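Undergrad: One structure coming up, written as structure tokens, with questions to follow.
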Amino acid sequence: MRFGQEARLRPDFTESPRTFPTFGPHRARATARTGAEAKARPPAEPATVCLPYQPQSVRAARHFVTAKLLEWRLDELVDDATLIVSELVTNAAKTGCQTRMIVAVRRPSARILRILVGDGSRSMPVMIQAGRDATSGRGLAMVHRLTRGRWGVTPLPHGKIVHADLSITDSSSAR
């Protein structure tokens, strides 16, 4: 199976422990949904888009995430989420893969927004300490700061999925 065959690669990124094991220090913290939270807000429909490995895909991914967050009334997360998806898609586009990358947004709980970017490269992302004059290398450090360390990587047989979790506050979920 090639990575570009999305139908066989769980295009809905089903949230289950077997599908999303998290490795290393960036283990995602799961938040259980209480009965009151589940009744207050029905689960949001997940969204997935398949994009080519082109510079224009960064813009398309930002528009995709923005539209979904506005639909979910999570306006206050738009800036952070678009920055995160921009960095993850930029990194995926740099891998040089010829298949398609997958960008997804999920609400695994009432308190978590998860952004996922899957690509066809098994090369793992590495957070580096960029020098003062460096023109690149700060992206994962920004993702780490914005998510408070709640991001990670799931290796796949023909690629990987990088996920980043943002906290949903009471003010954004009450809208």
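The values are calculated or read from the model by the stated rules, or taken from the named source; none is laboratory data. None of the values given here were measured: they were computed from a predicted structure. Neighbour counts are summed over all protein chains in view; Cβ atoms, including those assigned to glycine, are modelled from backbone coordinates with ideal geometry. These accessible areas exclude ligands, DNA and RNA; they are computed on the full protein's heavy atoms, side chains included. Shrake-Rupley method; radii C 1.70, N 1.55, O 1.52, S 1.80 Å.
Undergrad: Can you find a residue that is at pLDDT below 75 and of a type in the set (S, T, N, Q) anywhere in region 133-149?
TA: So far as region 133-149 goes, yes, one or more of its residues are at pLDDT below 75 and of a type in the set (S, T, N, Q).
Undergrad: Out of the residues in region 156-172 meeting the condition of being open to solvent by less than 70 Å² (accessible area, probe 1.4 Å), of a type outside the set (S, T, N, Q) and more than 19 Å from Y53 (Cα to Cα), tell me which one is modelled with the lowest pLDDT.
TA: Ranking the candidates gives I168 first.
Undergrad: On to the next question. Identify all residues within region 86-98 that are open to solvent by 30 Å² or more (accessible area, probe 1.4 Å) and assigned to a loop (DSSP other than H, G, I, E, B); write none if there are none.
TA: Those that are open to solvent by 30 Å² or more (accessible area, probe 1.4 Å) and assigned to a loop (DSSP other than H, G, I, E, B): K94, T95, G96, Q98.
Undergrad: Evaluate region 121-130: report whether one residue or more is in a helix (DSSP H, G or I), buried (at least 16 other Cβ atoms within 10 Å of the Cβ) and out of contact with any strand residue (DSSP E or B) (no Cβ under 7 Å at 6 or more places or on another chain).
TA: The answer is no; no qualifying residue exists.
Undergrad: Given the condition at pLDDT 90 or above, within 26 Å of T169 (Cβ to Cβ) and open to solvent by less than 10 Å² (accessible area, probe 1.4 Å), answer yes or no: does some residue in region 54-63 qualify?
TA: yes
Undergrad: Looking at R100, is it more than 20 Å from M142 (Cβ to Cβ), touching a Pro at 6+ places or on another chain (Cβ under 9 Å) and in contact (Cβ under 8 Å) with a residue 40 or more places away in the chain?
TA: For R100, the condition - more than 20 Å from M142 (Cβ to Cβ), touching a Pro at 6+ places or on another chain (Cβ under 9 Å) and in contact (Cβ under 8 Å) with a residue 40 or more places away in the chain - is met.
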